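Peer 1: Encoded as structure tokens, here's the structure I'll be asking about.
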Amino acid sequence: MLAFMKVLQPKTVEEAYELATKNKTAPMLAGGCWLRLGRRTWPSVIDMASLDLRYVREEDKEFVIGSMATQGDVERFEPLQQFCGGAVVKGVKEILGVQFRNTATMGGSVASKFGFSDIIPALLAVHADIVTFKGGRMSMQDYMAYRERDILVEIRIPKVDVPVAVEALRISRGDFPLLTGALRHDEKGVELYIGTRPGVPQLAVKASALLSEKGLSAAKEAGQLASEELVYQSNSHASKEYRMEMVKAMVQRLAKEVAQ
């Protein structure tokens, strides 16, 4: 249950940033789907609903997703359904249920940097950029290491349509994923991202280099490398050993899909 003593309702992004700076422990309420699972009573929360950041649009060179756009908004946005094999839409369409996706926001999903995120591997693979109020524009990769308390304004995806495959391993539909992955193949080579290890999605550098050098036919060898070079751990959902075995098969499936 989400409980708080005071709600702060900024009208502009600048005002939201000032409130976030002054109230360092106040969570930013952008959908609040995960905050509702907790039992803490917050002294104050910052409600982002009035910032006019709910939009998904196509520009000449980019797709632009406002941070308050819901996962459902992205799922239904037709130009993204085919872009890069529909990678971004696939990254949201299996997350829990329709009601959840119509409430959970893209900004909240990205800013939380959850290790079990479905959408972050997809955004990494399509080379999305993140725009924040203070830090400005940065790559998704850089944003994953960004630690400043800031306001995520929007997500910008360059319109470079290349083969991208994404996957989330679940026991059944609606479950939290046990392992996530995304693979991109362009003229520069191959990039492989693995998440829910259960750490945040990360580039498998050695496996990517191998696939870039030898081609997608080396997927089995790359899967073995990915199981060795990244850190895997156990939690209540899956064991370390299970994840290390499953990533081998996942890499082969991702490579097969991209090659088609």
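Peer 1: Can you check what the net charge comes to around M246, using other residues whose Cβ is under 13 Å from the Cβ of M246 (Lys, Arg +1; Asp, Glu -1)?
Peer 2: On the way: positive: R170, R197, K240, R243, K248, R253; negative: E167, E241, E245.
That works out to +3.
Peer 1: Something else: Counting helices only, and only those DSSP H runs with n ≥ 4, report the 222 nm mean residue ellipticity of the chain as the sum of -39,500 (n - 2.57) divided by its residues, in deg cm²/dmol to the nearest 500.
Peer 2: On the way: 11 runs with 91 residues, N = 260.
Result for the chain: -9500 deg cm²/dmol, rounded to the nearest 500.
Peer 1: Okay, next question. Once you charge only the Cβ atoms, +1 for Lys and Arg and -1 for Asp and Glu, what is the size of the charge dipole of the range 193-260 about its Cα centre, to the nearest 20 debye? Let's see the in-between values first.
Peer 2: Details: 9 positive and 7 negative charges, 21 e Å.
Charge dipole, the range 193-260, about its Cα centre: 100 debye, nearest 20.
Peer 1: Sum up the charges of everything whose Cβ sits under 12 Å from the Cβ of I157, counting Lys and Arg as +1 and Asp and Glu as -1, but leave I157 out.
Peer 2: On the way: positive: R57, K61, R156, K159; negative: E58, E59, E62, D129, E154, D161.
Here the charged neighbours net out to -2.
Peer 1: Treat each spin label as a single point 7 Å out from the Cα along the C-beta direction, and report the R173 to R76 distance in nm.
Peer 2: Simple spin-label model gives 1.9 nm for this pair.
Peer 1: Compare the peptides 231-239, 9-17 by average per-residue count of other Cβ atoms within 10 angstrom and give them in order, highest first.
Peer 2: Values: 231-239: 14.0, 9-17: 16.1.
The peptides rank, most packed first, as 9-17, 231-239.
Peer 1: Take the Cβ-Cβ distance between F100 and N235 as r, set R0 to 25 Å, and report the resulting FRET efficiency rounded to the nearest 0.05.
Peer 2: Numbers: r = 21 Å, r/R0 = 0.85.
The computed FRET efficiency comes out at 0.70.
Peer 1: Going by a ≥ b ≥ c, the root eigenvalues of the Cα gyration tensor, does the range 147-232 fall in the rounded group (a/c under 1.5), the prolate group (a/b larger than b/c) or the oblate group? Each step should come with its number before you reach the end.
Peer 2: Working: a/c = 1.62, a/b = 1.18, b/c = 1.37.
In terms of gyration-tensor shape, oblate.
Peer 1: Within the range 109-142, which chymotrypsin sites (Phe, Trp or Tyr not before Pro) sit in a loop by DSSP and count at most 10 neighbouring Cβ atoms inside 10 Å? Don't skip to the end; give the middle numbers.
Peer 2: Details: sites: F114, F116, F133; in loops: F114, F116, F133.
Loop-located and lightly packed - none at all.
Peer 1: How much length, in nm to one decimal, is gained on full extension between E18 and K256, taken as 0.36 nm per residue of separation minus their Cα-Cα distance? Walk me through the numbers on the way to the answer.
Peer 2: Numbers: separation 238, 0.36 × 238 = 85.68 nm, distance 4.80 nm.
Taking E18 through K256 to full extension adds about 80.9 nm, to one decimal.
Peer 1: Extending each Cα 7 Å along its Cβ direction at A145 and K6, get the distance between those two points in nm, one decimal.
Peer 2: Using points 7 Å along Cα→Cβ, the separation is 3.7 nm.
Peer 1: Another question, then. Give me P(r) over the chain, computed from all C-alpha to C-alpha distances, binned every 10 Å, as integer percentages.
Peer 2: Reading the bins upward from 0: 7, 30, 34, 21, 7, 1.
Peer 1: For the range 62-111, rounded, prolate or oblate, judged on the Cα gyration tensor with a ≥ b ≥ c (square roots of eigenvalues), a/c < 1.5 rounded, else prolate if a/b > b/c? Could the numbers behind the result be given before it?
Peer 2: On the way: a/c = 1.86, a/b = 1.27, b/c = 1.47.
Since a/c reaches 1.5 but b/c is at least a/b, the shape of the range 62-111 is classed as oblate.
Peer 1: Ok, one more. In nm, to one decimal, how far is the S50 label point from the V200 one, both placed 7 Å along Cα→Cβ?
Peer 2: With each label point 7 Å from Cα toward Cβ, the separation is 3.1 nm.
Peer 1: Next up: Hey, which of these cross-link pairs are over 20 Å Cα-Cα: K159/K248; K214/K248; K90/K188; K220/K256; K90/K220? The partial results should precede the final answer.
Peer 2: Numbers: K159/K248 30 Å; K214/K248 17 Å; K90/K188 24 Å; K220/K256 11 Å; K90/K220 24 Å.
Distance filter (> 20 Å) returns K159/K248; K90/K188; K90/K220.
Quick note: the coordinates plus some simple rules give every number you see, no bench work behind them. Just so it is clear, the structure is predicted and the values come from calculations on it, not from any experiment. Using ideal geometry, Cβ is built from the backbone for each residue, glycine included, and neighbour counts are taken over all protein chains shown.
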